[in-house]
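Student: Sharing a structure with you now.
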Amino acid sequence: MAYYEPIIELGEAPLVQKGSTLAEVTDDIAGVTERPAPRGWWIVFGLALMFVGIFTVCVGYLFWRGVGVWGNTSPVFWAWDITNFVWWVGIGHAGTLISAILFIFRQKWRTAINRFAEAMTIFAVICALIFPGIHVGRPWLMYYVFPLPNQMTLWPNFKSPLLWDVFAVGTYFTVSLLFWYVGLIPDLATLRDRSMTKGRQMVYGFFALGWRGSNRHWRNYERAYLILAAISTPLVLSVHSVVSMDFATSVIPGWHTTIFPPYFVAGAIFSGFAMVETVLLIARTVFKLHRVVLMRHLELMNKFILFTSLLVGYAYSMEFFIAWYSGNRYEMAHFLHNRPAGPYWWAWVWMMVPNTLIPQLYWSKKMRTSIPVMFVVSIFVNIGMWFERFVIIVLSLNRDFLPSSWGYYRPTIIDVGTFTGTIGIFFAAFLLFMRWLPMVAMAEVKGTMPQADPHHGHRGKHAPHSEPIAAKGTLATEGAE
Amino acid sequence: MEEAKATERKIAPTVILAEFEDAGAALHAAEKVRDAGYSRWDTHTPFPIHGMDAAMGMKDSRLGWIVIACALTGLTGAFTMMHWMNGIDYVTVVGDKPPGAPGTIPSMVPIMFELTILLSAFGAVLGMFGLNQLPRHNHPVFASDRFRAASIDRYFISIEAEDPKFDVKATREFLEGIHAAHVEVVEEEVE
């Protein structure tokens, strides 16, 4: 990653607050892991652990009694479990978009938020993977999904989209974890080198693998990073496409739709950016990361939210149009009647308003640069996108072809506890990450700063460095140029 | 002298570290070390510096070859696995597509794609570790306290004692001559 030179004539500004030194950036980020946790951290962590406890109780009860403790029943056999799965997987997508796709497109502003977003991906995918794991009824037989020899001498059916999903989400999780770890190695070395206690030095040193910033290493490291970004780009587009095929390959009105793969990917990025923003705004305030996470980064994220909101809104409208245009009475009954005017009309409203209307506020620069506004909007989008999956799953199942088999789904308290429990798991993991790992990619941020330019301050000059310590005063005043 | 060799350990230099305070100085110094004909040397920087590969006279990374081999293994391995499991060992006919028919291929695409990516990712990460000879938790440069700043805001050039051109005095003077802000001879006990 080369240094970033803003084009002043176009109104561009540096990515890191002007005049910051490399040491200050390191202090800001690494310091968070070295100081005692602020009181706010303990409060939120305690709260998160409480929800982890609720999750444990709910899942324990589920394993003891069976899936009957959930509200799922005929005709709605997929309900909150799969809604939560799709919601969590989708949230992960923004992380990969930021770390891989924006890297390929040389969007250097991503360095401020990519570590954060990648961590979010990993924790979100962990939460997602819980649901397919526990919804199978006999979780101890979950290994049937893997191509392992078993006592029935049966192999999995590779023509099933559900199995594609196992491979897609499994690969996604593994690749995200590898990508995240590779990015962490130079920063773990920084933490190792700053450590004041033997314990920290041992632990960070172990995971830093003896990184010594060697240029012979950077050469292969940068190539590995580029390759990981290049293969993660099609991967992230494939994951939610495959998730959408769980639905799209069936014949249920509301699911049997060719628009699903791109629509799911757009929705995933939309909800993911909202979740990154929710968490980032909290962390930025609690840990005072204003030097690195600038308003500019937040504004760019809001533009992404606005753009993907339009894509999602387009998909919603297209579903309506195609339902009418197809002339298929079941499609029309579902999209034109059951969704907006059926028993779950309120869920449909919760999908439409936060996802398509509320982000339109971001057409105004004032709105997309206001911290309170973006915090509230991001929460609305998170809720709206959960309802989108609820609408797709439950509303398609509760009224299918035969009116005699129609039903109404109600979640139980165990459903609610399990879902809110995974939010607890997500935040608990995230808080531990913020406390113990550098939450901004220090090496990458430094690489975009003016100091990373070997010709900085010497442009147009041919004279070699005549003074040994030419840079002594320069570091501090560089930003002012 | 012989007595000392036999009874107690002797201290020998392992590496000389030259410290620089900005990226440009390190880059230009690296060019001079390259031109002076050293071979066992390296630069250590908190982030990769643009142009350093050329300044050190290094060739392009070979990692891509490792990754493409892994990618092809994943692609063909996935196809072979699915075809053998569903088409040969335990025939599973879905959608009236007999084993081996071209119609079975589209349903194999997602998993072939995913395994291609999975193996490429492992190839990229483990291949990078292999080429870099990491993990290596012990290295002569870590004996220097000043070297801790190499991961924060300082730029180092290291020349190892194993370099054929290495000579404590001459190399030290050479590094001082190319405007290093600080030069340190790192010594270690040897048997």
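The values are calculated or read from the model by the stated rules, or taken from the named source; none is laboratory data. Quick caveat: nothing in here was measured; it's all calculated off a predicted structure. Neighbour counts are summed over all protein chains in view; Cβ atoms, including those assigned to glycine, are modelled from backbone coordinates with ideal geometry. Quick note on the areas: whole protein, heavy atoms, side chains included, nothing else; ligands and nucleic acids left out. Shrake-Rupley method; radii C 1.70, N 1.55, O 1.52, S 1.80 Å.
Student: Is there any pair linking a residue in the stretch B:131-143 that is at negative phi and within 7 Å of chain A (Cβ to nearest Cβ) to one that is assigned to a loop (DSSP other than H, G, I, E, B) and open to solvent by 90 Å² or more (accessible area, probe 1.4 Å), with Cβ under 7 Å and at least six apart or on different chains, and which?
Tutor: Cβ pairs passing all conditions: B:131/B:62.
Student: Then there's this: Would you be able to say whether some residue in the stretch B:132-140 is touching an Asp or Glu at 6+ places or on another chain (Cβ under 9 Å) and either open to solvent by less than 50 Å² (accessible area, probe 1.4 Å) or assigned to a strand (DSSP E or B) (or both)?
Tutor: yes
Student: Among the residues of the stretch B:65-107, write down those that are open to solvent by 80 Å² or more (accessible area, probe 1.4 Å) and within 7 Å of chain A (Cβ to nearest Cβ).
Tutor: Selection gives B:90 alone.
Student: Of all residues being among the aromatic types (Phe, Trp, Tyr) and in contact with a Pro (Cβ under 9 Å, 6 or more places away or on another chain) in the stretch A:255-295, which is most open to solvent (accessible area, probe 1.4 Å)? Just the residue, please.
Tutor: A:287
Student: Out of the residues in the stretch A:122-152 meeting the condition of being of a type in the set (Phe, Trp, Tyr) and within 14 Å of chain B (Cβ to nearest Cβ), tell me which one is nearest to residue A:68 (Cα to Cα).
Tutor: Residue satisfying both the conditions and the ranking: A:144.
Student: Residue B:43: touching a strand residue (DSSP E or B) at 6+ places or on another chain (Cβ under 7 Å), facing another protein chain (nearest Cβ under 7 Å) and either in a helix (DSSP H, G or I) or among the polar types (S, T, N, Q) (or both), yes or no?
Tutor: So residue B:43 fits the description; yes.
Student: Restricting to the stretch A:427-442, what's the tally of residues that are within 16 Å of the chain's Cα centre (by Cα) and assigned to a helix (DSSP H, G or I)?
Tutor: Counting residues in the stretch A:427-442 that are within 16 Å of the chain's Cα centre (by Cα) and assigned to a helix (DSSP H, G or I) gives 7.
Student: Something else now. Would you mind finding the one in B:37, B:77 that is under 30 Å from residue A:222 (Cα atoms), in a loop (DSSP other than H, G, I, E, B) and out of contact with any Cys (no Cβ under 7 Å at 6 or more places or on another chain)?
Tutor: B:37
Student: Among the helices (runs of 4 or more DSSP H) lying completely within the stretch A:330-399, list those that include at least 3 residues that are open to solvent by less than 60 Å² (accessible area, probe 1.4 Å).
Tutor: Of the helices (runs of 4 or more DSSP H) lying wholly inside the stretch A:330-399, those with at least 3 residues that are open to solvent by less than 60 Å² (accessible area, probe 1.4 Å) span A:345-352, A:371-398.
Student: If we keep just the residues of the stretch B:46-64 that are touching a residue at least 12 places away in the same chain (Cβ under 8 Å) and exposed (fewer than 15 other Cβ atoms within 10 Å of the Cβ), which is nearest to the other protein chains (Cβ to nearest Cβ)?
Tutor: So the residue we want is B:62.
Student: Let me ask something additional. So, in the stretch A:114-141, of the ones that are aliphatic (A, V, I, L, M) and closer than 16 Å to residue A:442 by Cβ, which residue ends up farthest from the chain's Cα centre (by Cα)?
Tutor: Looking at the filtered set, the residue picked out is A:119.
Student: Determine, yes or no, whether residue B:31 is surrounded by 16 or more Cβ atoms within 10 Å (Cβ to Cβ), touching a residue at least 12 places away in the same chain (Cβ under 8 Å), more than 19 Å from the chain's Cα centre (by Cα) and in a helix (DSSP H, G or I).
Tutor: yes
Student: Let me ask another. Being in contact with an Asp or Glu (Cβ under 9 Å, 6 or more places away or on another chain), assigned to a helix (DSSP H, G or I) and among the aromatic types (Phe, Trp, Tyr), is that true of even one residue in the stretch A:254-267?
Tutor: Yes.
Student: If you take the residues in the stretch A:208-254 that are within 10 Å of chain B (Cβ to nearest Cβ) and at positive phi, which one is surrounded by the most Cβ atoms within 10 Å (Cβ to Cβ)?
Tutor: Restricting to residues being within 10 Å of chain B (Cβ to nearest Cβ) and at positive phi, the top hit is A:213.
Student: Against the definition (surrounded by fewer than 18 Cβ atoms within 10 Å (Cβ to Cβ), in a helix (DSSP H, G or I) and not acidic (Asp, Glu)), how does residue B:121 come out, yes or no?
Tutor: It is false that residue B:121 is surrounded by fewer than 18 Cβ atoms within 10 Å (Cβ to Cβ), in a helix (DSSP H, G or I) and not acidic (Asp, Glu).
Student: Going by the structure shown, is residue A:111 more than 23 Å from residue B:115 (Cα to Cα), in contact (Cβ under 8 Å) with a residue 24 or more places away in the chain, within 19 Å of the chain's Cα centre (by Cα) and surrounded by 24 or more Cβ atoms within 10 Å (Cβ to Cβ)?
Tutor: yes
Student: So, one more: Taking residue A:59, is it farther than 30 Å from residue A:159 by Cβ, assigned to a helix (DSSP H, G or I), away from chain B (no Cβ under 14 Å) and open to solvent by less than 40 Å² (accessible area, probe 1.4 Å)?
Tutor: yes
Student: Here is a further query. List pairs: first in the stretch A:409-421 and closer than 11 Å to residue A:73 by Cα, second assigned to a loop (DSSP other than H, G, I, E, B) and open to solvent by less than 30 Å² (accessible area, probe 1.4 Å), Cβ under 6 Å, 6+ apart or cross-chain?
Tutor: A:409/A:71; A:409/A:79; A:410/A:71; A:411/A:71
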